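The values are calculated or read from the model by the stated rules, or taken from the named source; none is laboratory data. Just so it is clear, the model here is predicted, and its values are computed rather than measured. Because the Cβ atoms are built from the backbone with ideal geometry, glycine has one as well, and the counts that use them run over all protein chains shown.
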Amino acid sequence: MTNEAFSRVKIDAQLRDQGWEITNTNAVRFEYVLPDRTKADYVLCDRNGRSLAVVEAKKAAINPAEAEDQAKAYAAQLGVPYIFLANGNEIRFWQWQTEAFPRLVKTFFSQADLERRTATAQVKRDLLSVEIDKHIVERDYQTECIDTLCREIQAGRRKLLVEMATGTGKTRTAAAFIKRLFEAGAITRVLFLVDRIPLAKQTEDAFAEHLSDFPAYVLRAGRRFQDEKRITITTLQSMVNISSLPTSSSESRVS
C-alpha cells in the first residue's frame, strides 16, 4: 500500500466517524471528474446529492496546506464554498471565498454540519447593517469595539483579541457582539470560555438578561451537551478534559 493510499484509508475512517456513508455515491464521491478533466479526491454532498465540499487528500509526509491552490481550483469548478485539506494525520478546513487561509480542525464536519453552514450562509447579512442593541451597550468605546471586530471578520480575520479594563463592561460588550452575530446570521452557536465556574454562572445570568432570545447554559464535567441551547458557557479546563476523551459525535460539535 502506498503512503497516499494509507492516508486515504485513514481519511475514510475519519469520514465514517462523522457519519458519512462512504459507499453512498450520493453522499461521497471519489476521484470525481471535473469539467477540466482533473479529479477531486473526494466531493462531499448534501442529502439531495448536491456538492458541498471538496476534500484534497495527500500522503502523510506532505503538509496539507501545500494543496491549497489545487483544492481551490476544484472548489471553484464545482461552485462549493468549503474545502478540507487532509493527510490522514491533520485536517484543515477552508471557507475559501471568505477566509484568507485554511485552519486546523480536529475532524471532518458531518453532513448535517455542512448543510447547516450552507443554509446559514444563504441568509447571512452584512454585520455592520445590523443595529447594535443600545439596551446592552451604550458607551462609544463599546460600540466602536464591536464595529471594529465586525469589519475585521468581514475582511476574513478569524483570530481577534480585545483587552478591556475591569469595570468597562466586557460581558455586556461580548453579549452585544454575540447578538449582532446571531441576528446577522453569521453564527448559529457560541462557545464562551471562562477561567472558573463562578464566572460561568455570572456569565449565564448576564446572558439570560441580555440575550433572552438565545438560550445559554453552563457545561460542567459529566453533563451532556445541550444542543437545543445556542450558547455553551464552560471553563477552559472542562474543554481540555473533553478534548482528551475519545472522539465522539458530541466532541465533533465542539470542534
Check: Out of all the residues in the stretch 22-47, which are touching a residue at least 12 places away in the same chain (Cβ under 8 Å), more than 16 Å from PHE109 (Cβ to Cβ) and not in a strand (DSSP E or B)?
Finding: ASN26, LEU34, PRO35, ASP36, THR38
Check: Restricting attention to the stretch 124-150, and to residues there that are among the charged types (D, E, K, R) and more than 20 Å from LYS170 (Cβ to Cβ), which single residue is modelled with the highest pLDDT?
Finding: GLU131
Next item on the list: Filter the stretch 161-192 down to residues that are of a type in the set (Gly, Ala, Ser), out of contact with any Leu (no Cβ under 9 Å at 6 or more places or on another chain) and without any contact (Cβ under 8 Å) to a residue 40 or more places away in the chain, then give me how many there are.
Entry: 4
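In a loop (DSSP other than H, G, I, E, B) and assigned by TED's automatic domain parsing to the domain that holds ILE153: does that describe LYS59?
No; evaluated as a whole, the condition is false for this residue.
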Margin query: Quick check on the stretch 5-21. Is at least one of its residues closer than 24 Å to ALA73 by Cα, without any contact (Cβ under 8 Å) to a residue 24 or more places away in the chain, surrounded by 13 or more Cβ atoms within 10 Å (Cβ to Cβ) and basic (Lys, Arg)?
Written below: no
Margin query: So in the stretch 217-243, with the set limited to residues that are more than 17 Å from the chain's Cα centre (by Cα) and over 14 Å from VAL194 (Cα atoms), which one is modelled with the lowest pLDDT?
Written below: ILE242
Check: Are any residues in the stretch 208-219 free of Cβ contacts under 8 Å to residues at least 60 places away in the same chain and either more than 10 Å from ILE233 (Cα to Cα) or not assigned by TED's automatic domain parsing to the domain that holds GLU183 (or both), and if so, which ones?
Finding: ALA208, GLU209, LEU211, SER212, ASP213, PHE214, PRO215
Check: If only one of ARG157, ARG151 is outside any helix (DSSP H, G or I) and either touching a Pro at 6+ places or on another chain (Cβ under 8 Å) or not hydrophobic (A, V, I, L, M, F, W, C) (or both), which one is it?
Finding: ARG157
Item checked: Among residues of the stretch 151-188, those that are modelled with pLDDT under 95 and either on the phi > 0 side of the Ramachandran plot or touching a strand residue (DSSP E or B) at 6+ places or on another chain (Cβ under 7 Å) (or both), counted -> 4
Check: Only one of (1) farther than 25 Å from THR143 by Cα; (2) touching a residue at least 24 places away in the same chain (Cβ under 8 Å); (3) part of a loop (DSSP other than H, G, I, E, B) is not met by LYS124, so which one is it?
Finding: (1)
Note to self: Name the single residue that is farthest from the chain's Cα centre (by Cα) among those in the stretch 82-106 being surrounded by fewer than 16 Cβ atoms within 10 Å (Cβ to Cβ) and among the polar types (S, T, N, Q).
What the structure shows: ASN89
Item checked: Only listed residue being assigned to a helix (DSSP H, G or I), in contact (Cβ under 8 Å) with a residue 24 or more places away in the chain and not polar (S, T, N, Q), chosen from ALA119, ALA73 -> ALA73
